[in-house]
Amino acid sequence: MESQSSFVSWFRDSSPYIHAHRNKTFVISFGGEAVLADDFDHHVHDFALLSSLGVRLVLVHGIRPQIDQRLDKLNASALFHKHLRITDDLALQCVKEAAGLVRVEIEALLSMGLSNSPMAGSEIKVASGNFITAKPIGVIDGIDYCHTGEVRRIDSAAIHQQLDQNNVVLISPIGFSPSGEIFNLSAEQVATAVAIALKAEKLILLTEQSCCNPDNNEQIRQMTTAEANTFLQQHQDIGDTISLPLKAAIQSCQAGIERVHLINRVIDGALLLELFSRDGIGTLISSTPFEELRPATLNDIGGILELIKPLEQQGILAKRSREKIEMEIADYIVIERDGLIIGCTALHPNEQGLFGAIACLAVHPDYQGSARGNRMLDYVYSYARQLNLKKLFVLSTQTMHWFIERGFLSSDINSLPEPLKALYNPQRNSKILYKNIA
Ligand SMILES: CC(C)(COP(=O)(O)OP(=O)(O)OC[C@H]1O[C@@H](n2cnc3c(N)ncnc32)[C@H](O)[C@@H]1OP(=O)(O)O)[C@@H](O)C(=O)NCCC(=O)NCCS
């Protein structure tokens with residue numbers, strides 16, 4: 001019984017994320033190591049789930065260990081300079097073999113539909129193709145990188161066309177030149193370029209380890225691009241498994257991708273935990289702060305309604321329609337955290353500019369008790385002062401003490417100025433509180 005109700009509440013809790021992710025474009029990149037791992041089919045199940053929830057999914061896979069294995073068999077050594085492979089003719093042969101094999105293996109896993117597996121009924125269509133035009137890196141420091149290339153152009157229209165048809169797009173780290181040459185590319189660079197070209201909502205890099213601070217070994221939960229840059233400067237010996245994804249994240253954010261997630265692929269279900277749970281499990285890199293308090297826009301109305309609906313049902317907040325919020329949206333402020341609205345309130349100034357009414361104050365239950373209510377109130381005070389308001393009113397059925405502890409005083413209906421008095425609903429029988437502001 002208990003597990004039944006925890007399942008129900010878990011499923012309900014994930015619904016805001018399901019709504020938020022639908023029809024969004026996510027580019028997910030993973031190394032060849034992930035493909036070799038025993039649990040790779042779990043990742044494929046999670047990709048399939050995302051696709052069936054309406055996420056427009058682009059997968060970019062790596063092939064580094066598969067190339068190394070082939071070179072090893074040929075008794076040839078893998079050549080690198082400045083962390084970048086030198087792809088000579090022999091290595092290029094290995095690149096072609098590895099890319100073909102890995103792509104076919106992923107396609108096979110995505111095609112599975114056994115009735116006793118999570119893939120039952122998924123019927124995923126995979127599209128891969130010549131989406132990437134590349135050019136040679138050339139000679140650097142006197143070293144000829146041969147067939148190692150870099151991205152020159154992404155055919156984003158062709159990829160979008162596949163996504164429009166609900167296909168999952170699978171991209172290998174290989175590009176072609178207009179003269180028909182093949183180039184070996186880095187998977188991180190391809191994923192970054194693809195995410196930028198598609199204007200993806202998220203770039204997700206499945207990494208080989210969690211992004212931890214070497215000073216205390218604690219995982220870093222979020223960083224702005226500026227913080228990530230400083231981190232890389234301070235830890236120049238951090239190793240490619242973290243530095244390459246971090247550099248890709250910084251580059252993507254600077255080019256307009258709002259959210260880049262670094263997720264340790266070794267943790268089972270890490271992708272789902274990151275995307276469908278409150279605080280996630282990985283490291284989030286964004287150019288803007290992870291959580292911000294800002295004036296609301298019409299795009300926030302869905303999030304505001306979702307936040308206040310349960311409070312209206314409990315009678316804590318008065319009911320207000322979507323149309324009413326739409327008309328008064330300029331009065332609202334919200335706290336947005338990773339794309340979700342977790343706090344809101346409104347300050348309705350009266351037309352004469354003498355007083356204002358605070359309304360619709362709410363903080364999502366998961367985030368209460370960390371002074372977000374206070375932050376919104378402080379914002380309201382300073383906005384009220386800008387408008388030269390002298391007095392703020394609030395009507396409350398169950399939250400009087402929260403306001404009293406913040407300097408509000410109780411009053412009665414006679415103290416309410418028009419039009420607030422005319423709007424007062426005797427059935428709600430709310431307590432009336434006010435605060436003079438200098
Ligand atoms: C009131 C509310 C906005 C406060 O948000 P918050 O981010 O948790 O606020 P803060 O962190 O600044 O304050 C938390 C403090 O308020 C207290 N508090 C929360 N709800 C309260 C209530 N109804 N009455 C009195 N105190 C309350 C908490 O116990 C905590 O105090 P403590 O740390 O001493 O225990 C939030 O609790 C909420 O959304 N409540 C439901 C909606 C609501 O009542 N809106 C007001 C309608 S008039």
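Here are the numbers for the structure shown:
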| read-out | value |
| --- | --- |
| Within the range 127-154, tally of residues that are in a loop (DSSP other than H, G, I, E, B) and under 20 Å from Gly62 (Cα atoms) | 7 |
| Pair list, Cβ < 8 Å and 6+ apart or interchain, from the range 189-202 residues that are in the same structural domain as Gln254 (by TED's automatic domain parsing) and under 12 Å from Arg153 (Cα atoms) to residues that are β-branched (Val, Ile, Thr) and in a helix (DSSP H, G or I) | Val194/Ile159; Ala197/Ile159; Leu198/Ile159 |
| Per-region count, the range 307-355, residues farther than 17 Å from Tyr379 by Cα and either modelled with pLDDT of 95 or more or over 21 Å from the mean Cα position of the chain (by Cα) (or both) | 27 |
| Output for the range 359-371, where each listed residue is within 7 Å of the ligand (Cβ to nearest atom), surrounded by 13 or more Cβ atoms within 10 Å (Cβ to Cβ) and in a loop (DSSP other than H, G, I, E, B) | Gln368 |
| Subset of the range 121-143 [surrounded by 14 or more Cβ atoms within 10 Å (Cβ to Cβ) and in contact with an Asp or Glu (Cβ under 9 Å, 6 or more places away or on another chain)] | Val126, Ser128, Phe131, Ile132, Thr133, Ala134, Lys135, Pro136, Ile137 |
| Subset of the range 398-408 (residues that are outside any helix (DSSP H, G or I), within 26 Å of Glu336 (Cβ to Cβ) and not polar (S, T, N, Q)) | Arg406 |
| Scope the range 378-392; condition more than 11 Å from the ligand (Cβ to nearest atom) and either within 31 Å of the chain's Cα centre (by Cα) or not in a loop (DSSP other than H, G, I, E, B) (or both); matching residues | Tyr379, Val380, Tyr381, Ser382, Tyr383, Ala384, Arg385, Gln386, Lys391, Leu392 |
| Selection count, the range 340-350, where residues are in contact with a Leu (Cβ under 6 Å, 6 or more places away or on another chain) and more than 10 Å from the ligand (Cβ to nearest atom) | 2 |
| For Ala157: the one exception among (1) over 19 Å from His61 (Cα atoms); (2) modelled with pLDDT under 95; (3) not in a loop (DSSP other than H, G, I, E, B) | (2) |
| Neighbours by Cβ (under 6 Å, 6+ apart or cross-chain): first from the range 163-177, assigned to a helix (DSSP H, G or I); second modelled with pLDDT of 95 or more and buried (at least 21 other Cβ atoms within 10 Å of the Cβ) | Leu163/Arg56 |
| Counted residues, the range 398-415 - those being surrounded by 16 or more Cβ atoms within 10 Å (Cβ to Cβ) and away from the ligand (no atom under 15 Å from the Cβ) | 0 |
| Number of positions in the range 285-299 that are away from the ligand (no atom under 16 Å from the Cβ) and in a strand (DSSP E or B) | 4 |
| Positions within the range 325-360 being polar (S, T, N, Q) and in contact (Cβ under 8 Å) with a residue 60 or more places away in the chain, in sequence order | Asn350 |
| Checklist (1) within 12 Å of the ligand (Cβ to nearest atom); (2) more than 29 Å from Asp279 (Cα to Cα); (3) in a loop (DSSP other than H, G, I, E, B) applied to Leu395, failing item | (3) |
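Residue-wise test of (1) crowded, with 16+ Cβ neighbours inside 10 Å; (2) in a loop (DSSP other than H, G, I, E, B); (3) in the same structural domain as Asp366 (by TED's automatic domain parsing); (4) of a type in the set (A, V, I, L, M, F, W, C).
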{"site": "Glu227", "(1), (2), (3), (4)": "no, no, no, no"}
{"site": "Ser243", "(1), (2), (3), (4)": "yes, no, no, no"}
{"site": "Cys253", "(1), (2), (3), (4)": "yes, no, no, yes"}
{"site": "Gly256", "(1), (2), (3), (4)": "no, yes, no, no"}
{"site": "Leu262", "(1), (2), (3), (4)": "yes, no, no, yes"}
{"site": "Leu272", "(1), (2), (3), (4)": "yes, no, no, yes"}
{"site": "Asp279", "(1), (2), (3), (4)": "no, yes, no, no"}
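Each row is one residue, and each column tells you yes or no for (1) assigned to a loop (DSSP other than H, G, I, E, B); (2) touching a Ser or Thr at 6+ places or on another chain (Cβ under 9 Å); (3) within 30 Å of Ala228 (Cβ to Cβ); (4) near the ligand (Cβ under 8 Å from one of its atoms).
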| position | (1), (2), (3), (4) |
| --- | --- |
| Ile301 | no, no, no, no |
| Leu305 | no, no, no, no |
| Gly315 | yes, yes, no, no |
| Lys319 | yes, no, no, no |
| Glu323 | no, no, no, no |
| Ile335 | no, no, yes, no |
| Gln352 | yes, no, no, no |
| Gly373 | no, yes, no, yes |
| Met376 | no, yes, yes, yes |
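The values are calculated or read from the model by the stated rules, or taken from the named source; none is laboratory data. Just so it is clear, the structure is predicted and the values come from calculations on it, not from any experiment. Heads up, the Cβs are rebuilt from the backbone with ideal geometry, glycines too, and the neighbour counts pull from every protein chain shown.
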